[in-house]
Each structure stands twice: as structure tokens, then as C-alpha cells.
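Worksheet: the structure to be examined is printed underneath.
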Amino acid sequence: MTIDSLVRLFAGSFILVSLALGVSGSPLFHSANWLWFTAFVGANLLQYGITGFCPLVPIMRRLGVGAGAGCR
């Protein structure tokens, strides 16, 4: 897997898990404060789309994951 696909996988997973923990109708509900984490991931994806920088990318590189075409 490339860094691009792993960033999307991590972001999507974090969003779904934090929604499950933050929405009161969910059987996994813990606290509505988890929705702040969802907002943080969304804002990070927005700035990644604009600037091309994601904090997860340097971590992935250190772990030896191959870069995709769009990673800087």
C-alpha cells in the first residue's frame, strides 16, 4: 500500500470510530466530545488537500511505507 492510500484508510477509520463513540444513537456511544476528534480529522484532511502536507506522512515514511504519487 502507498502512503496516499494508508492516509485515506486511517482518516476514514478514525472518522467512523469517533462518530460511533460520539453520536448518542450509537451502541458504542461514550461521549459527545468524540465529535471534536471527528472535526479535527476533517480539518486535517481539508488542509492536506490544500497544502499537500499531512502529519501522518513523515511517520509512514519512517516506517518504510512507499510514497504514492501525491505525497510530499
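Just a few scattered comments:
- In terms of packing, defined here as the mean over residues of other Cβ atoms within 10 angstrom, the peptides 54-64, 4-14, 23-33 line up highest first as 4-14, 54-64, 23-33.
- Coupling constants for region 44-56 follow from the phi torsions by the Karplus curve (6.51 cos²θ - 1.76 cosθ + 1.60, θ = phi - 60°), and in residue order they are 5, 5, 5, 5, 5, x, 7, 9, x, 10, 10, x, 6 Hz; glycine and proline get x.
- Helix 3-22 axis, angle to the chain major axis (alpha carbon atoms, nearest 10°): 10
- Helix-only mean residue ellipticity at 222 nm for the chain, each DSSP H run of n ≥ 4 adding -39500 (n - 2.57), per residue, nearest 500: -20500 deg cm²/dmol
- Solvent-accessible area per residue for the chain (1.4 angstrom probe, square angstrom): 67
- Backbone phi angles across region 26-43, fed through the Karplus curve with coefficients 6.51, -1.76 and 1.60 (θ = phi - 60°), yield HN-Hα couplings of 7, x, 9, 3, 10, 7, 5, 5, 5, 5, 5, 5, 4, 5, 4, 5, x, 5 Hz in residue order; Gly and Pro are listed as x.
- Theoretical gain in end-to-end length, S5 to N33 [0.36 nm per residue, Cα-Cα removed]: 7.3 nm
- The chain, accessible surface, carbon-and-sulfur percent (1.4 angstrom probe): 72
- FRET efficiency estimate (nearest 0.05) - Cβ-Cβ, R62 to I15, R0 30 angstrom: 0.80
The values are calculated or read from the model by the stated rules, or taken from the named source; none is laboratory data. Model, not experiment: these values are computed from the prediction. Cβ: placed from backbone, ideal geometry, glycine included. Neighbour counts: every protein chain shown. SASA here: full protein model, heavy atoms, side chains in, ligands and nucleic acids out. Shrake-Rupley method; radii C 1.70, N 1.55, O 1.52, S 1.80 Å.
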